[in-house]
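Every read-out reported here was derived from the displayed coordinates using simple, explicitly stated rules and does not represent laboratory data. Computed from a predicted structure; not experimentally measured. Cβ coordinates were reconstructed from backbone atoms using ideal geometry, including for glycine residues, and neighbour counts include every protein chain displayed.
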Amino acid sequence: MGLNKIIKNILMLFPCLGKKALAKIGLLLAIVSFFIVIICIIDESTSNTSNFLDPTVQYNQSGAPYVAYGEAPSGNINDLNVLGEGLTYDVSESQDGDQYRVDVWHNSSQVSSGTLTFINTTINFTSTVAATYSLQIFNWNAGKWNQTDCQTANLAANEVTMLWCNKTENLANYVSSDNAVRIRINNTNHSIQGTLKEDYVQYYLGYLSGYLEVQLIEPDPTKTTYITQNNTLLINATIICRDGPCGNIYGIARYNASSVNPDTEINTTQGDRPFYVQESPALAMKPCTTNPLYANEFCNLTWVINATGYTDTIWKIGILSNSSFPEIQQNNTRNATIYIMPCTEDIGLAWASIDFGSLSPNTNYNNATYNNQNFYNITNKGNCPLNLWIKGVDLQNVTYSSTIAVENLNWSNTTNSYTTSYSMTYSYVSLNKSLPQNQNLTTYYWLSVPPVDAGYYIGSVYICGNYSSTC
């Protein structure tokens, strides 16, 4: 038996008899299919005709019909909203000589987002006039009333009956642009004045409601991620729409500010502790760039986060996903554990000296021996980014008192080209900013030799690495 047929049979066995009955029906339908959502909108009463609800529709030859709720309301009947439970009650009447016909219209409250699987509507009513009564549903696409899959009954005067419509195909045609379903009950022409009363009006709306599956790709939620204070880490999450549509999807990067699990958006102001979003613009909540998402569509969201928290502290971070469709529940990734470490500074050199070989006086821009081999590398061996600085001293002749001033030694941190070089100085100058952990910086050197005594000249070059200040 197909799902729609099963649901139709259930609805026939369990009409909406009030809020308690609705809870039981919802449970039963949940057993049939976990992703079917049922909405029942009713105006509740008893089946005793002496207790039937006002409003009632009274129709006669002498005046226009009206909807009564207590005393008859004033104003245009088509503008009145007199029923509770989100129902709009509209009425119209036509007269043909001494013949009368009544139309009673009902608009549902807003239909929820999602893919409809069926529309089932029911009216329980009685009338003092014997006639043929029909329940119809409005086709907004065609702009006319539709009788297919709706009941018609020949009723005796004061007979209580229930009529229903059950639609399972082309359901979008029966939902208005403002997400309402409209039905009406009318009768055949007759010559007797009478009164029609309704016990209840109900709507069952079934639809496929998607859900969000969200995965944290980075950092790895299965292990602890160690990050040096004031370093950055990447958060990468994948959000998948299942059984959609899912609407517009958003991801929120969060950390555990006040509980064991993430509960607070990561800060977006530079320098905030323990994390801040180091991007421009800095956003804790980001939309999927492929919004809206439908069944089995997905998006990836990333954040660059700076870990500014105190050292030796442990945090949880994760992504909360949500939808513009209110019926789709938000969902969290698994949480990643972040340990913020103190910074350790260390540098390494792959060389012990800068050798220029034998040079002649009055020569300029002489290459260091291993410039063309990219030999003079400086390596950050610590766990935090290093700022590098460089300075030198004069080269001294080991035999005589003559010197080669330090400005005759040039250096470059980019290419093996003298044109990109700088003169060495006695004070530290910046060589590189924020050299990452385990990264190399290749340097190059040139020496210009003025008229000096022949001999062996020795000097010193100093390279300093520092995380937070100058050397």
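Rounded, prolate or oblate: which fits the stretch 214-341 when a ≥ b ≥ c are the square roots of the eigenvalues of the alpha-carbon gyration tensor, with rounded for a/c under 1.5 and prolate only if a/b beats b/c? Working shown, then result.
Numbers: a/c = 2.21, a/b = 1.89, b/c = 1.17.
Prolate.
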Length gained, Glu218-Asp263, 0.36 nm per residue minus C-alpha separation, equals 14.3 nm
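How do the peptides 164-171, 209-216, 266-273 rank, highest first, by the average count of neighbouring beta carbon atoms within 10 Å per residue?
Values: 164-171: 17.6, 209-216: 20.0, 266-273: 14.5.
Sorting 164-171, 209-216, 266-273 by mean packing, highest first, produces 209-216, 164-171, 266-273.
What is the packing order of peptides 242-251, 412-421, 456-465, taking the mean over residues of other C-beta atoms within 10 Å and listing the highest first?
Taking the mean over residues of other Cβ atoms within 10 Å, the ranking is 242-251, 456-465, 412-421.
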Using modelled backbone amide H atoms (1.01 Å from N, in-plane), which distant-in-sequence or interchain residues come within less than 5 Å of Asn146's amide H?
Ile137, Phe138, Asn139
Once amide hydrogens are built 1.01 Å from N within the peptide plane, the residues lying 5 or more places from Ser421 or on another chain with amide H under 5 Å from its amide H are none
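Run the numbers for Ala172 and Gln330: contour at 0.36 nm per residue of separation, minus the present Cα-Cα distance, in nm. Can you show the working numbers first?
On the way: separation 158, 0.36 × 158 = 56.88 nm, distance 2.62 nm.
Stretched fully, the Ala172-Gln330 segment lengthens by 54.3 nm.
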Between Asp346 and Arg242, what FRET efficiency comes out of the Förster formula 1/(1 + (r/R0)^6) with R0 = 56 Å and r the beta carbon distance, rounded to 0.05?
0.70
Spin-label model distance (nm) - Ala130 vs Thr369, 7 Å beyond Cα toward Cβ
12.3
For labels at Arg101 and Thr290 in the simple 7 Å Cα→Cβ model, what's the distance in nm?
5.2
Amide H to amide H, which residues 5 or more places from Thr264 or on other chains are under 5 Å from it, using H placed in the peptide plane?
Tyr255, Ala257
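Expressed in nm to one decimal, what extension gain is obtained for the pair Asp394 and Tyr426 from 0.36 nm per residue of sequence separation less their Cα-Cα distance?
That works out to 10.7 nm of additional length.
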Kirkwood hydrodynamic radius of the stretch 347-466 from all distinct Cα pairs, in Å?
14.9
Asp149 versus Thr470, label points 7 Å from Cα toward the beta carbon: distance in nm?
7.9
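Quick check on the stretch 270-329: take the gyration tensor over C-alpha atoms, sort the square-rooted eigenvalues as a ≥ b ≥ c, and tell me if it's rounded (a/c under 1.5), prolate or oblate. Before the final figure, lay out each step's value.
Values: a/c = 2.97, a/b = 2.13, b/c = 1.40.
Here the stretch 270-329 falls in the prolate category.
Of the cross-linked pairs Lys381/Lys433; Lys316/Lys433; Lys391/Lys433; Lys223/Lys381; Lys144/Lys167, which ones have a Cα-Cα span greater than 27 Å in the structure shown? All intermediate terms of the calculation are to be shown ahead of the outcome.
On the way: Lys381/Lys433 15 Å; Lys316/Lys433 30 Å; Lys391/Lys433 16 Å; Lys223/Lys381 24 Å; Lys144/Lys167 16 Å.
Pairs exceeding 27 Å: Lys316/Lys433.
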